[in-house]
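Novice: Right, I'll just put the structure down here and ask away after.
The values are calculated or read from the model by the stated rules, or taken from the named source; none is laboratory data. The structure presented is a predicted model; accordingly, all values stated were derived computationally and were not measured. Don't worry about glycine lacking a Cβ; one is built from the backbone with ideal geometry, like all the others, and counts go over all protein chains shown. We work out accessible area using only protein heavy atoms, side chains counted, and drop any ligands, DNA or RNA first. Shrake-Rupley method; radii C 1.70, N 1.55, O 1.52, S 1.80 Å.
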Amino acid sequence: MNGRLLIAILVVFVVSITACDNDDLVALNVDQNSPTEMDPSFLLARSQLQFGASNGQQIRSNLIYASSMIQQNADVSAFPQGDKYFFNNGYSSSLWGHLYGQSIKELTFVVDNVDPATDPNLYAIALANRTYALHVLTDMYGDLPYEQAGRGLAGEENWFPAYDAQQDVYGYIVRDLREARSTLTAAGDDVGAQDVIYQGDVAAWGKFINSILLRAGMRLSNVDPTLAQQIVEDAVANGVFESNEDEAWIDHIQGQGLNTNGTSHALRQGETYANELRPSRVFVDWMQDNDDPRLMIITGGTGDPFDASTWNTDPAAQIGLPNGFDDNTILDDAIDQGLITDPNDYSLNLYSFINPQLFDMDDPHYLIRYAEVEFMLAEAALNGWNVGGGSAQDHFEAGIRATFGSWARYGVPETDGAAIDAYVAGLDFASASADDQYRMIGEQYWAATYMTSEESWANWRRTGFPVLTEIDYPGNVTNGTIPRRWRYPENEAIINGDNYRAMVARQGPDLFDTSFWWDVN
């Protein structure tokens, strides 16, 4: 009887469950304590912080890859270093995964869910940030998903996004920057503290948008100079950066997670990377040859970067680490350079280290500097384009002076004004040939963008300056040529295979040495 009763009870229980409304069953899985909506302005702040807060992305793409590819830094460790042109999928795909997986996804949500009629400034700022992120990505990879990027939740047609040709991507970049610019209004909503870059300052955002538009225009100077001139002159006419106060940076703080500077976190991670990644011989020699006052801003001296008692801070004693060497071959170089006579005396501390003041956890992460704008204006003026006044020399010299103001935000000692004057005068830009003036502008841009080396690399590919010596290290994947782009994540060929293959058919093989549309130098 007990067994039959139990069976009867179970039958009634099962029947009662199957009779329930399916919606009620689904509702059981809904967490009633979790929010179902989010203020889009919160996503804006988070997405902006993500630009510079990922230590994993910064160490892989910005430092190990870009900074050594462009010979600002060097590394002799066992990592797949950029200056030896090794491929590592995790490094090559780091920026792609970081920006698509976080900032672009969140910014796209804001753009698609904010009404520009009621919240014009939140919409415009989010659109400007989304465009900035995609601009950075296309300059690293080439063709990429733009129109469908970050819109997977909007519909299954976006689950496998098509790659837009880079020429079209640049058209979208210009279109979206201009839309953001025209949407901004002083009479609109106050984004305030949820904007961690300009705290909702509409005028500042206008200058940022035009400065990024200027950068986009200059990227096209070799592939479509007529269009480039139109974009540049439009940006200038509407107002680009005019001083260091206009610069765009993430103002990080001491703390954890998104609050801290990702580059600093990466360099201080176990004190490993700051010890092994050192200013390159190319960069140090260039600064010494030009009596550049930034030498002792970029480097803190020779010795152990974490033991001040070992430091030699004499500018004449600074020695850059050469690119293209490993732990074994560097011994021969150190002997050849007269640094040691016995291999047993070798130490990495023979070479200058990155100034520790440049990687405090609360240091700024720059999106674009005023100095960059001035150097672009100098080049545009040299091209004969209308930059609203000022000669190429005026803008060139203003750019150099601006770099010292940018470094001041890292807490380094203020550079003596007389030393800056002497440096600028010594370069004698006015007496140089036009070819040398282009070279000098390119070299100064390279120096000014130290610590944001992805931009250094992008501008180098466009201008060819500074002139670098390529490295044919055994096992490299480019036949000894400096990479022209990064490879896409390997899983793109599997997950988004049809669109990936269509992109390869249009752009060319997915290799480091395949140039993309604007890279024709």
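Novice: Among the numbered criteria (1) in a helix (DSSP H, G or I); (2) over 22 Å from Phe79 (Cα atoms), which single criterion is violated by Leu339?
Specialist: It is condition (1) that Leu339 fails.
Novice: So which of Phe306, Phe359 ends up being aromatic (Phe, Trp, Tyr), crowded, with 20+ Cβ neighbours inside 10 Å and modelled with pLDDT under 95?
Specialist: Numbers: Phe306 fails: crowded, with 20+ Cβ neighbours inside 10 Å.
After ruling out the rest, the residue left standing is Phe359.
Novice: To continue, here is another question. Every residue in the stretch 81-98 that is surrounded by 20 or more Cβ atoms within 10 Å (Cβ to Cβ) and either touching a Cys at 6+ places or on another chain (Cβ under 7 Å) or free of Cβ contacts under 8 Å to residues at least 40 places away in the same chain (or both), please.
Specialist: Answer for the stretch 81-98, where residues must be surrounded by 20 or more Cβ atoms within 10 Å (Cβ to Cβ) and either touching a Cys at 6+ places or on another chain (Cβ under 7 Å) or free of Cβ contacts under 8 Å to residues at least 40 places away in the same chain (or both): Gln81, Tyr91, Ser94.
Novice: Any residue in the stretch 416-440 that's farther than 15 Å from Asp289 by Cα and open to solvent by 60 Å² or more (accessible area, probe 1.4 Å): show its pairings with residues that are aliphatic (A, V, I, L, M) and at pLDDT 95 or above at Cβ separation under 8 Å, as long as the two are six or more apart or on different chains.
Specialist: Tyr438/Leu382; Arg439/Val467
Novice: For the stretch 415-463, what are the residues that are of a type in the set (Val, Ile, Thr) and more than 16 Å from the chain's Cα centre (by Cα)? Working first, answer last.
Specialist: Step one: list which residues in the stretch 415-463 are of a type in the set (Val, Ile, Thr), which gives 415, 420, 424, 441, 449, 452, 463.
If the condition is that a residue be of a type in the set (Val, Ile, Thr) and more than 16 Å from the chain's Cα centre (by Cα), then Thr415, Ile420, Val424, Ile441, Thr463 are the ones that fit.
Novice: Related question: Every residue in the stretch 51-84 that is farther than 20 Å from Trp286 by Cβ and of a type in the set (Ser, Thr, Tyr), please.
Specialist: Selection gives Ser54, Ser61, Tyr65, Ser77.
Novice: Checking the condition within 25 Å of Gln167 (Cα to Cα) and in contact with an Asp or Glu (Cβ under 8 Å, 6 or more places away or on another chain), which residue from Val136, Val111, Val76 passes?
Specialist: Val136 is the lone residue from the list that is within 25 Å of Gln167 (Cα to Cα) and in contact with an Asp or Glu (Cβ under 8 Å, 6 or more places away or on another chain).
Novice: State whether one or more residues within the stretch 480-497 are of a type in the set (Val, Ile, Thr) and either assigned to a loop (DSSP other than H, G, I, E, B) or in contact with a Gly (Cβ under 7 Å, 6 or more places away or on another chain) (or both). Don't jump to the end; show me each part of the working.
Specialist: To start, the set of residues in the stretch 480-497 that are of a type in the set (Val, Ile, Thr) comprises 481-482, 494-495.
Next, only the ones that are either assigned to a loop (DSSP other than H, G, I, E, B) or in contact with a Gly (Cβ under 7 Å, 6 or more places away or on another chain) (or both) stay: 481-482.
Yes; the residues of the stretch 480-497 include at least one that is of a type in the set (Val, Ile, Thr) and either assigned to a loop (DSSP other than H, G, I, E, B) or in contact with a Gly (Cβ under 7 Å, 6 or more places away or on another chain) (or both).
Novice: Quick check: is even one residue across the stretch 199-210 outside any helix (DSSP H, G or I), over 29 Å from Asp362 (Cα atoms), in contact (Cβ under 8 Å) with a residue 60 or more places away in the chain and open to solvent by less than 30 Å² (accessible area, probe 1.4 Å)? Full working, then the answer.
Specialist: Taking the stretch 199-210 first, the residues outside any helix (DSSP H, G or I) are 199-201.
Filter once more, so that each one left must be over 29 Å from Asp362 (Cα atoms): none.
No.
Novice: Okay, moving on. Filter the stretch 47-73 for residues that are at pLDDT 90 or above and not aliphatic (A, V, I, L, M) and give the result.
Specialist: Residues satisfying the conditions are Ser47, Gln48, Ser61, Asn62, Tyr65, Ser67, Ser68, Gln71, Gln72, Asn73.
Novice: Please find, among Ala162, Ala235, Ala187, the residue that is small (Gly, Ala, Ser) and closer than 22 Å to Thr108 by Cα.
Specialist: Numbers: Ala235 fails: closer than 22 Å to Thr108 by Cα; Ala187 fails: closer than 22 Å to Thr108 by Cα.
Going through Ala162, Ala235, Ala187 in turn, the sole match is Ala162.
Novice: Now, a different point. Is it the case, given these coordinates, that Gly217 is modelled with pLDDT under 95 and either under 30 Å from Ala66 (Cα atoms) or open to solvent by less than 50 Å² (accessible area, probe 1.4 Å) (or both)?
Specialist: So Gly217 does not fit the description; no.
Novice: Only residues in the stretch 143-158 that are over 18 Å from Tyr132 (Cβ atoms) count as the first member; pair them with residues that are part of a loop (DSSP other than H, G, I, E, B) and small (Gly, Ala, Ser), Cβ under 9 angstrom, at least 6 apart or cross-chain, and list the lot.
Specialist: Taking only residues 6 or more apart or on different chains, the pairs are Asp143/Ala165; Gln148/Ala162; Asn158/Ala149; Asn158/Gly150.
Novice: Could you list, ordered by first residue, the pairs with Cβ atoms under 7 Å in which the first is in the stretch 453-471 and at positive phi and at pLDDT 95 or above and the second is among the charged types (D, E, K, R) and crowded, with 21+ Cβ neighbours inside 10 Å, at least 6 apart or interchain?
Specialist: Every condition considered, no pair remains.
Novice: Right, another one. Out of all the residues in the stretch 111-162, which are open to solvent by 10 Å² or more (accessible area, probe 1.4 Å) and hydroxyl-bearing (Ser, Thr, Tyr)?
Specialist: Listed by number, the residues that qualify are Thr118, Tyr123, Tyr132.
Novice: Quickly run through the stretch 161-175 and pick out the residues that are in contact with a strand residue (DSSP E or B) (Cβ under 8 Å, 6 or more places away or on another chain) and without any contact (Cβ under 8 Å) to a residue 60 or more places away in the chain.
Specialist: Asp164, Val169, Tyr172
Novice: Hey, another quick one. Residues to consider are Ala448, Ala381, Ala434; find the one that is modelled with pLDDT of 95 or more and touching an Asp or Glu at 6+ places or on another chain (Cβ under 7 Å). Can you show your working first?
Specialist: Numbers: Ala381 fails: touching an Asp or Glu at 6+ places or on another chain (Cβ under 7 Å); Ala434 fails: touching an Asp or Glu at 6+ places or on another chain (Cβ under 7 Å).
After applying the criteria, what remains is Ala448.
Novice: Among the residues of the stretch 491-509, what is the count of those that are touching a residue at least 12 places away in the same chain (Cβ under 8 Å), within 26 Å of Arg219 (Cα to Cα) and open to solvent by 20 Å² or more (accessible area, probe 1.4 Å)?
Specialist: The qualifying residues number 5.
Listed here are the residues, each with its yes/no results for (1) touching a strand residue (DSSP E or B) at 6+ places or on another chain (Cβ under 8 Å); (2) outside any helix (DSSP H, G or I); (3) among the polar types (S, T, N, Q); (4) on the phi < 0 side of the Ramachandran plot.
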| site | (1), (2), (3), (4) |
| --- | --- |
| Asp363 | no, yes, no, yes |
| Ala371 | no, no, no, yes |
| Met376 | no, no, no, yes |
| Ala381 | no, no, no, yes |
| Phe396 | no, no, no, yes |
| Thr403 | no, no, yes, yes |
| Tyr410 | no, yes, no, yes |
| Val424 | no, no, no, yes |
| Asp435 | no, no, no, yes |
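Novice: Output the residue which, of all residues in the stretch 220-253 that are assigned to a helix (DSSP H, G or I) and acidic (Asp, Glu), is surrounded by the fewest Cβ atoms within 10 Å (Cβ to Cβ). Reasoning before the result, please.
Specialist: Just the residues of the stretch 220-253 that are assigned to a helix (DSSP H, G or I), to begin with: 225-238, 244-246.
In the following step, the residues that additionally are acidic (Asp, Glu) were identified as 233-234, 245-246.
Numbers: Glu233: 17, Asp234: 17, Glu245: 10, Asp246: 20.
Among residues in the stretch 220-253 that are assigned to a helix (DSSP H, G or I) and acidic (Asp, Glu), the one surrounded by the fewest Cβ atoms within 10 Å (Cβ to Cβ) is Glu245.
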